[in-house]
Structures are given as C-alpha cells and as structure tokens.
Amino acid sequence: MTAGAISDRGPRRSVRPLAGVLAAVAVSLTGTRVSAIALPWFVLVTTGSATQTGLVAFCEMTPYVLVKMFTGPLVDRVGPRTVSWAADALSALAAGLIPLFHALGLLHFWLLLALVAVIGAARGPGDLAKEVMVPEAADLSRVPLERATGLSGVTERLASTVGPAAGGALVAWLGPMTGLVLNAACFALGSAVVAAVLPRGMGRAATDTTAPETADEPGYWRRFREGFTFLRGEPLLLTVIVMVGITNLIEAGFSTVLIPVWAERSGGGPAAIGLISAVSGVVAIAGSLVAAAVAHRLRRRLVFFTGFLLAGAPKFLALAFGAPMWAVLTVFAVSGFGGGFLNPILGAISFERVPRSLLGRVRALGDSLAWAGIPLGGLLAGAAVTSAGLVPVLLASGALYFLTTNLAALRPEWREMDRTRGKGRAPDTPAPVPGPEPTSS
C-alpha cells in the first residue's frame, strides 16, 4: 500500500501522522540528550580521564554510523515503522542495563563500552526510520514539506533543550545514573508511540511505483547499490555531506569532551552544561519556528551559511577566552538561533531531491557519511586536551570550523540549493541528476 492509498480514505485532514512521528522523535531524542550529559559526566568523575570519556563516545557513535549506513535497504524493505519501534525497544533494554549493573556493582568499564555500543547500533536504524517517515507523514497530514521539516527541526531543538536541562538537573541533584534510567524510559516510550499511535498502514515498506508488478524483488546489495549510485550523481548532496561531516566531527568533540572539561575546570559542573545547552536550545527553537514559517520565502543559500557562521566559531572562542557566564550564555543563544535554521533547510533539500522509493537507502548513506567523523570527535578531542590543553584545542577547533564553512561556500554546487525549491516533484519521480542514473526509481 502506498502513501497515496492511505490518503484516499477521505478528504478530512488529520495531523495525527505528523504529530505521531514528531512525538516519537521528541521522546527518544530527549532521552538521548539526557544521556549525553549523564554518561560523559559519570565517566569523567569516576575515572578523571578525558581520553576515556572520549572513548565512550567513540564506542557509541561508531556502531551508530556503521549500522545506519547499511540498514537503508532494510528500512525500505521491512518498513520504517517496524524498524523504528524494534530499534527503540532494544535501545531501552541496553540503556536500562547500565544503571542496573552499576547498582549491582558489576559495571566494569569494558561492559559499559559494550552496552553503549549496542545503544549506538540500535539508535542508527531507529533514527533513520523516523526520518524516512517525515515526508509520508507530511503527505498524510497535508502539510507542506518545508513546514514539516521545519517542525521536525523544532522538535529536535525542543528535545535538545529539554534533554540537557533535565540531564544537568538530574545529574547535579540525583547523580548520573538517574539520567540513564530516564534515557531508557524515553526509548521505551518512543517505541510505544510508533507501534501504537501512528495510523494503521503508515510506515510500510517502500514500493517502486515504476517497476512492473511481476518484477523480481531486488536483493539487499542491489538496493544498497541503487542508493549509492543515486547519491554519487548528486553533487549538491555530496558537497553538503562533506561540509557537514567536518563540522559534525568538531561539534562531537566540543559537546562530549570540551564542554564537560570546561565545566569541570571552571567550577560550573553539570548544571553549567545543562544551562548553556538549555539557553542555546530555547533560542534554536525560535530559529526553527521562524524557519518553518518563512523558509520558503528566503534564499536558502544566504540563510544556510549565515546560520553556520553564527552557530560555529563564536562559541569556541567564548570558552577559550574565559568569558563570564553571562557572555557565554549570550554567545550560545546567538549560536542556537543560527543553528535553528540549518536542519529545516537540509531536510527539505534532501527530501526534494531523493525519490521516495530510494529515500531510506540514500538517507542512510548520506547521514552515515555526514556522521562518520562523530565517533572520532570525542576521541580526538580527549587526546588533544590531554596533550595540548583545553584552550589551544578550543581555538584550533573554532578556526577549523570557520575555515570549513567559509571555504565550502565557494563551491559552485550551492547555486542548486535555491533552484531546488518549487519543482513540485512527485514523491517517486527522480530529480534530474548530472551523472549516473539510478538503476531503478
């Protein structure tokens, strides 16, 4: 059954499909953001090692990236709904075992690394499945795609605000294990929302509307190759992936190592981490709301690079130069507002240029390549702080961020970012690509 078949049941508009997907994203991502404060702080205060703190992040994000990369064909074939609730259920189980083993005195460091690796491996396909359901939910709810991706960005920012704020408070008052219990509960709730709340028939396996009904079902590697071939023929998407991949690597080291080390050495503790994350997130929500309301009227390229300029280097410099807390909060607020415009634009470009039948595979490859540096971010930042100190690493990271985004803006592919809008392409009609055509669409 295709998305069109579901929408033919009646003319009455319902926001339930989009609201259900966004609710699932909100609860699971909130738990992840709580864990992002609780887990590094737990490792840092129990081991005193920035390197081991980065190693935990590496062991979670490496499986995340690798598994997500290769599960695109599975999501398209099995259906994003099934993959989403099953992955979140597995994440809930693994996350719940961490505080349980800690309470029993059995949480050795190697076991912690194994459990966070399982969480990362499950989160990859779970996050991908929710992303894939956004355009279908927008169709069923009769919401414009740019507005749906904007609302998705608002949801992510809201979770990224509530999660760190709750995580910082919980860790400061009740200890890091309480945050990990909440993480497990959020994954379980996200699984239940997808399994029980989304409309019946939504999130089924992708169908190829152009292939004859008698055609053989393509195998896994053929599906994977189709996604790879299509992505290879999209210069704009590839350029976006490379630039975002570098900034993601820098951001990963910043959030998992540099900010916790700064908070410990400045005396702010986990409450300071939660406060700056909350301020940044609240203003980012405002940015995402503005993007959802007016993004279709603005020049994407100008907004996109302005957002990166605000979201990048200034926050590194604020921490490096020992700015007072009010100044740090101001810089992170400006950074959050600029960052709020980025994901809605990125999501709309991807959904517009990729045929619906290839969406799972192409998104899996693109997201995984863009996230490939994240596992190394914490590891490299931890080693760099140990050898060179916090301030030099902050300055070098800010400079690299600034150069990456500004040099990338000189590439000619970015002109296509503004041309994409308004094509009105059908969900399963491939965009014209200057290069190899996909083997099926």
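Starting from segment 328-353, keep only residues that are in a loop (DSSP other than H, G, I, E, B), then list their pairs with residues that are among the basic types (Lys, Arg) and modelled with pLDDT under 80 whose Cβ atoms are within a distance under 9 Å, requiring at least 6 positions of separation or different chains.
Hits for this filter: Gly340/Arg157.
A quick yes/no check of all residues on (1) among the aromatic types (Phe, Trp, Tyr); (2) out of contact with any Pro (no Cβ under 7 Å at 6 or more places or on another chain); (3) open to solvent by 10 Å² or more (accessible area, probe 1.4 Å):
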{"residue": "Gly307", "(1), (2), (3)": "no, yes, no"}
{"residue": "Ala320", "(1), (2), (3)": "no, yes, yes"}
{"residue": "Phe332", "(1), (2), (3)": "yes, yes, yes"}
{"residue": "Phe351", "(1), (2), (3)": "yes, no, yes"}
{"residue": "Asp367", "(1), (2), (3)": "no, yes, yes"}
{"residue": "Ser387", "(1), (2), (3)": "no, yes, yes"}
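Closer than 28 Å to Asn343 by Cα, among the hydroxyl-bearing types (Ser, Thr, Tyr) and surrounded by fewer than 23 Cβ atoms within 10 Å (Cβ to Cβ): which single residue out of Ser91, Ser141, Ser152, Ser160 fits that description?
Working: Ser91 fails: surrounded by fewer than 23 Cβ atoms within 10 Å (Cβ to Cβ); Ser152 fails: surrounded by fewer than 23 Cβ atoms within 10 Å (Cβ to Cβ); Ser160 fails: surrounded by fewer than 23 Cβ atoms within 10 Å (Cβ to Cβ).
Testing whether each residue is closer than 28 Å to Asn343 by Cα, among the hydroxyl-bearing types (Ser, Thr, Tyr) and surrounded by fewer than 23 Cβ atoms within 10 Å (Cβ to Cβ) leaves just Ser141.
Yes/no matrix, rows are residues, columns are (1) at pLDDT 80 or above; (2) touching a strand residue (DSSP E or B) at 6+ places or on another chain (Cβ under 6 Å); (3) buried (at least 20 other Cβ atoms within 10 Å of the Cβ):
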{"site": "Gly31", "(1), (2), (3)": "yes, no, yes"}
{"site": "Glu60", "(1), (2), (3)": "yes, no, yes"}
{"site": "Lys68", "(1), (2), (3)": "yes, no, yes"}
{"site": "Val78", "(1), (2), (3)": "no, no, no"}
{"site": "Phe109", "(1), (2), (3)": "yes, no, no"}
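Which is assigned to a helix (DSSP H, G or I) and either open to solvent by 20 Å² or more (accessible area, probe 1.4 Å) or modelled with pLDDT under 80 (or both), of Ala36, Ala24? Spell out how you get there, then give the answer.
Values: Ala24 fails: either open to solvent by 20 Å² or more (accessible area, probe 1.4 Å) or modelled with pLDDT under 80 (or both).
Matching residue, one of Ala36, Ala24: Ala36.
Being out of contact with any helix residue (DSSP H, G or I) (no Cβ under 8 Å at 6 or more places or on another chain), at pLDDT 80 or above and in a helix (DSSP H, G or I) is the requirement here; does Ser387 meet it? Spell out the reasoning first.
Numbers: out of contact with any helix residue (DSSP H, G or I) (no Cβ under 8 Å at 6 or more places or on another chain): yes; at pLDDT 80 or above: yes; in a helix (DSSP H, G or I): yes.
When the stated conditions are applied, Ser387 passes them.
Residues that are in contact with a His (Cβ under 9 Å, 6 or more places away or on another chain) and of a type outside the set (Asp, Glu): list the helices (runs of 4 or more DSSP H) wholly contained in segment 56-144 that include at least 1 such residues.
Values: elements: 72-78, 80-103, 109-141.
It comes to 80-103, 109-141.
With the structure loaded, tell me whether Ala87 is at pLDDT below 85 and either within 19 Å of the chain's Cα centre (by Cα) or under 26 Å from Leu151 (Cα atoms) (or both) or whether it fails that test.
Criteria not met by Ala87.
State which residue is modelled with the highest pLDDT when the search covers only segment 282-299 and only residues that are touching a Phe, Trp or Tyr at 6+ places or on another chain (Cβ under 9 Å) and surrounded by 19 or more Cβ atoms within 10 Å (Cβ to Cβ).
By that ranking, first place goes to Val283.
Quick one: what pairs do we get from segment 233-245, first residue over 21 Å from Leu358 (Cα atoms) and of a type in the set (Val, Ile, Thr), second modelled with pLDDT of 80 or more and assigned to a helix (DSSP H, G or I), C-beta under 7 Å, 6+ apart or different chains?
Val244/Ala370
Please name all residue pairs, on different chains or six or more residues apart, with Cβ atoms under 7 Å, provided the first residue is in segment 360-383 and is without any contact (Cβ under 8 Å) to a residue 12 or more places away in the chain and outside any helix (DSSP H, G or I) and the second residue is among the polar types (S, T, N, Q) and open to solvent by less than 10 Å² (accessible area, probe 1.4 Å).
Matching pairs, first to second residue: none at all.
Looking only at segment 168-204, filter to residues that are crowded, with 23+ Cβ neighbours inside 10 Å and of a type outside the set (A, V, I, L, M, F, W, C); which one of those is farthest from Gly274 (Cα to Cα)?
Selected residue: Gly203.
Please go through (1) more than 21 Å from Gln52 (Cα to Cα); (2) open to solvent by less than 20 Å² (accessible area, probe 1.4 Å) for Leu394 and return the number of the only condition it doesn't satisfy.
Failed condition: (1).
The values are calculated or read from the model by the stated rules, or taken from the named source; none is laboratory data. This structure is a prediction, so every number in the text was calculated from the model and none was measured. Cβ coordinates were reconstructed from backbone atoms using ideal geometry, including for glycine residues, and neighbour counts include every protein chain displayed. Note: accessible area is taken over every heavy atom of the protein model, side chains too, but ligands, DNA and RNA are not part of it. Shrake-Rupley method; radii C 1.70, N 1.55, O 1.52, S 1.80 Å.
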